[in-house]
Amino acid sequence: MKMSPQEFLQWESKRITLLAMSGAGKTTLANKLPKDKWFHYSGDYRIGTKYLEEAILDNIKRQAMDVPFLRDLLLSDSIYICNNITVDNLTPVSSFLGKIGNPALGGLSLEEFKRRQVLHHQAEVAAMQDVPEFIRKAEEIYGYRHFINDAGGSVCELDDSNVIELLAENTLIIYIKIPPDMEHTIIERAQSDPKPLYYREQFLDKKLPEFMRLKGYRSTDEIPPDEFVRWVFPELFLSRLPRYQAIADQYGYTIDAREAGQVCGEEDFIRLIAAAIDAQQQ
């Protein structure tokens, strides 16, 4: 969706998709918008509560069955397990993705890891395809004037042009670009607290053997799970930047992460986007 600054300012029901790397401030920015006027749609929340809910619960139950005390209670229906996923707590989604590595250290085999990656990919595509319907429901059922889609950090990895075109038809796509002087901070933060990530299969098939040759591992079962995540994140980060920019160039607009971080409320947010539209039309 493309428009002039004036068209954006006069747009009575603003619908926006935020794209960015994890750590760029997407969710923080979305949370600065008034809750009574903006419907906040979280792609990761939709993934966890709709499309991966059963798989996540099965994974938790599988772990619980290894504990004799919990196994007996589960088999006798004395207890049940449920998720407590919220927009601000998406840990169950992350823990389901898991990390490649030594099973004794909580790692996953390459086969199981890839199986979960495929499930996540399918879930993320489905969650983004739900955006038009949630725009309708947000207005018709709940009476929200505006809609913000806090898309997952891996949307640029989906390699599904239909998904991006659908988002562009129904929302204004805004890419929050991390300036070069912030890149090291984002990478350092991710390496200090390595979290499970989604990788394009082509990227994983190239980088994992490279890592194993470099470290001398003969099997993925030898890898400490956090080690591969720490090593590969800078590569993943750099590979995603041109993908985000290509989406923004064709379908939307780009704002600076530092400027996004200075937004205090709705007026600042609207002003920042209008300025980005104006700058990219000159």
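Just so it is clear, none of the values below were taken in a lab; they were calculated from the coordinates. What you see is a predicted model; the values in this text were computed from it and never measured. Glycine gets a Cβ as well: all are built from the backbone with ideal geometry, and neighbour counts include every protein chain shown.
Summarising the label geometry, the points placed 7 Å from Cα in the beta-carbon direction at Asn89 and Glu139 lie 3.5 nm from one another. Once backbone amide H atoms are built at 1.01 Å from N, Ile223 has Asn102 as its partners under 5 Å, excluding neighbours fewer than 5 places away on the same chain. Neighbours of Val118 by Cβ distance under 14 Å: Lys/Arg scored +1, Asp/Glu scored -1, total -4.
Less than 5 angstrom separates the built amide H of Ile16 from those of Phe147, Ile148, Asn149, Leu172, all sequence-distant by 5 or more or on a different chain. Working note: Karplus 6.51/-1.76/1.60 with θ = phi - 60° gives the range 229-234 the couplings 4, 4, 5, 7, 4, x Hz, where Gly and Pro are set to x. In degrees from 0 to 90, rounded to the nearest 10, what is the angle of the helix 161-170 Cα long axis to the longest principal axis of the chain? Long axis of 161-170 versus the principal axis of the chain: about 40 degrees. Only Cα pairs under 8 Å and 6+ residues apart enter the sum, and on that basis the relative contact order of the chain stands at 34 percent.
Determine, for Val118, Val163, the number of other Cβ atoms within 10 Å of each Cβ, and report the residues in order from fewest to most.
Details: Val118 11, Val163 19.
Ordered from fewest to most neighbouring Cβ atoms within 10 Å, Val118, Val163 come out as Val118, Val163.
Counting Lys +1, Arg +1, Asp -1, Glu -1, what net charge surrounds Tyr244 among other residues with beta carbon under 11 Å of its beta carbon? Spelling it out: positives minus negatives among the neighbours equals +1. To the nearest ten degrees, helix 201-215 and the longest principal axis of the Cα atoms of the chain are 50 degrees apart. Take every pair of alpha-carbon atoms less than 8 Å apart whose residues are at least six positions apart; their mean separation over the length of the range 49-203 yields a relative contact order of 23 percent. Comparing mean-square fluctuations of Tyr199, Tyr217, Tyr253 from a GNM of the chain with C-alpha springs under 10 Å, the top value falls on Tyr217. Between the helical axis of 131-140 and the longest alpha-carbon principal axis of the chain there is an angle of about 60 degrees.
Only one of [x] 33, 21, 16; [y] 30, 22, 19; [z] 35, 24, 15 was calculated from the structure for semi-axes √(5λ) of the Cα gyration tensor in Å, and its label is [z].
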